[in-house]
Every structure is written in structure tokens, then in C-alpha cells.
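A short write-up of the structure that comes next.
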Amino acid sequence: MTVAEPWQTDLVSDAGQDVRKGTGREAGRASDRETGQEPGKDAGTHPERAPRGQAHEPEQAREFALPLVVRLERGTPPHRTDALETAARAVLTLLADERSADGGEWSERVRSWEDTAIRKVVRRARGAEWRRAEALPGITVTGRTAEVRVFPPVPVGDWPRDLARLQVSGTELTDPEPPPAPAPAMPVMWLAPDLEMSAGKAMAQAAHGAQLAWWRLPDAARKRWREADFALAVRTASGVRQWSRLLECGLPVVRDAGYTEVAAGSVTVVADFAGLLDVDARG
């Protein structure tokens, strides 16, 4: 049995379709096989590098995870909703970066990660920890109160030392007041109303939803979203009725692998990106 990080999440599927390539196979399906790691050890918390001189597996045969680090200074924690939205925007920014495109510096790792579980692991840092994280290759995205740095995917069990040492649990974020209704036509990552998730877990889930929306969008809509700095909202559905309607719309859904906090197969997010397509429909 795999012991996962408190803030680690794997995507099971988006309704069983590979929305990137249109092949009909499952995209980002979480692996159920044993990892071969020592019992009781976590795939990301206790990285084990290969002994000197020992070759790693080929990249296409290895599991990858996408690290995200949220800045959490004492006395000035980010607001919860802003942290969720900033994490989602950070993942979109990495996906749209030229280094992730075919032939780019990160392209092989991004493709290998996309072809497995699109696992995301959220960690926290402050002070010198944050400065060391910023020195590693990646992209920092800033919200109203939140800063999140996203890094190119890394092999599970082979994390950079300055990321592997960061804490993953023990922190909860709150909103000082309820977030306002999303602006008209803004993409919304709707969280399930009946699931309790920690801030880090919800950050990863919101980022999953944004990634699935990105895969479904045509190039023109992607361009508009990128030019709008990937503006989006993360909100919790108001109740069972709204949630049921969302599930019936054919929108991308995030089904969690069930390693942490929620049961396997739970639908955690519905990604409503219809507003990005309305311009095309009107045109």
C-alpha cells in the first residue's frame, strides 16, 4: 500500500477520456501498482536517490510529480481561496511556458508526468526556505495575498534537496470573509460541497481542474486565457442541487485516487470553462 503525503493528490481520470490527444484513452490515470518503496515511507517526503553509478529507469517508465510551494510567512498567511486560485494559475502558467512545449527544456518531464497520474504535491516555505526554493528552476505566480512557485515535474523519490526538506502538513488556511461570486464568464473550479479538504489538498485539486480545462480548450481560447493571466475562480458549490447540475454538464471532473483525505474515486472538482468558449460561439 502506498503511503502518500498529506498534501499529495493523484488524478484518477477526467471521465475516462484523454482530452489532450483525443485518443479516447484515459489521461492522467493514477497508478495502483506498488512503488517498491520502504513500508511507511512517503513517496515525496523521503526521497531516495539512486546510488552513485546506478542508472535510473528510462523517463517514460518513471513516475513523476509536480511540486508546488506556497509561501507561508509567520503572521501573514495567504487567504485560502487566493492560495487555491494562485496554485491553479501557477500550473497553467507552467503548461503554457515555452520550456514545457515540444523541444523545450522541460518538455520530456512534462510529457512523462502528463502520461501518468499528473500528481501534484504542495509544500510550504518561509524565509530562507522560500529563498532557496526560488533559486531552483521554476515559476513564481502571485495572487492578492498568495505566492506559489511551481517547478517542472520531478521523479517520485528523486526530489531536489531544497524541496524535499520542506514541510507538507500542519497548516490550515482560512478566508477572512466569504469570497464574492465569480465574475461573469470567468472560469470556475467548483469544489464538491460535501468533501472536507485541507488547504494543500484543495490547492492540488483546483490545479487538477484547471489543467483538465486547459487540455479541453481550443487554441484561440487558450490564447485569451493566457493573455488574461489565467484569471479564474475557485468556489465551493452551494449545495447538492448545484453540484448535480454541474456533474450533468459534460464538464471536466477530477476524480481523486484516494491516497489522502477523501475516498478513492471521489469527484472533488468540476472545471467550468464555458465562459472561455462563449466568445467563440458569439463569433
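The values are calculated or read from the model by the stated rules, or taken from the named source; none is laboratory data. Remember, predicted model here, so these are calculated numbers, not experimental data. Positions of Cβ are generated from backbone atoms using ideal geometry, with glycine treated the same way; all protein chains shown enter the neighbour counts. Just the protein is used for accessible areas: all its heavy atoms, side chains included, with ligands, DNA and RNA removed. Shrake-Rupley method; radii C 1.70, N 1.55, O 1.52, S 1.80 Å.
General remarks:
- Across the options LEU246, LEU217, ALA264, the greatest Cα extent toward the positive end of the charge dipole of region 163-270 (unit charges at beta carbon of Lys, Arg, Asp, Glu) belongs to LEU217.
- Charge sum, other residues only, whose C-beta stays under 13 Å from PRO179's C-beta, Lys/Arg counted +1 and Asp/Glu -1: -1
- Between SER238 and ALA185, full extension at 0.36 nm per residue minus the direct alpha carbon distance yields a gain of 17.3 nm.
- Distribution of pairwise C-alpha distances over region 59-174, 10 Å bins, in %: 14, 47, 32, 7, 0
- Taking all protein chains as they are arranged and a probe of 1.4 Å, the heavy atoms of ASP175 leave approximately 50 Å² accessible to solvent.
- Placing ARG222, ARG119 in order of accessible area, with the largest value first and a 1.4 Å probe, yields ARG222, ARG119.
- GLU73 - accessible surface, heavy atoms, 1.4 Å probe, Å² rounded to 10: 50
- Here the calculated FRET efficiency for THR174 and ALA220, from their Cβ-Cβ distance with R0 = 51 Å, stands at 0.85, rounded to the nearest 0.05.
- Based on Cα contacts under 8 Å between residues 6+ apart, region 106-160 shows a relative contact order of 33 percent.
- Whole-number accessible area per residue in Å² for region 181-283, which is evaluated in the context of all protein chains at 1.4 Å: 43
- In a DSSP loop and with at most 15 other Cβ atoms within 10 Å, the trypsin sites (Lys or Arg not before Pro) in region 147-179 are ARG165.
- Computed over region 198-260, the convex hull of the alpha-carbon atoms projects to a mean area of 5.4 nm².
- Rounded if a/c under 1.5, otherwise prolate or oblate - region 98-251, Cα gyration tensor axes: oblate
- Local electrostatic count, PRO193, Cβ distance below 15 Å [Lys/Arg +1, Asp/Glu -1]: 0
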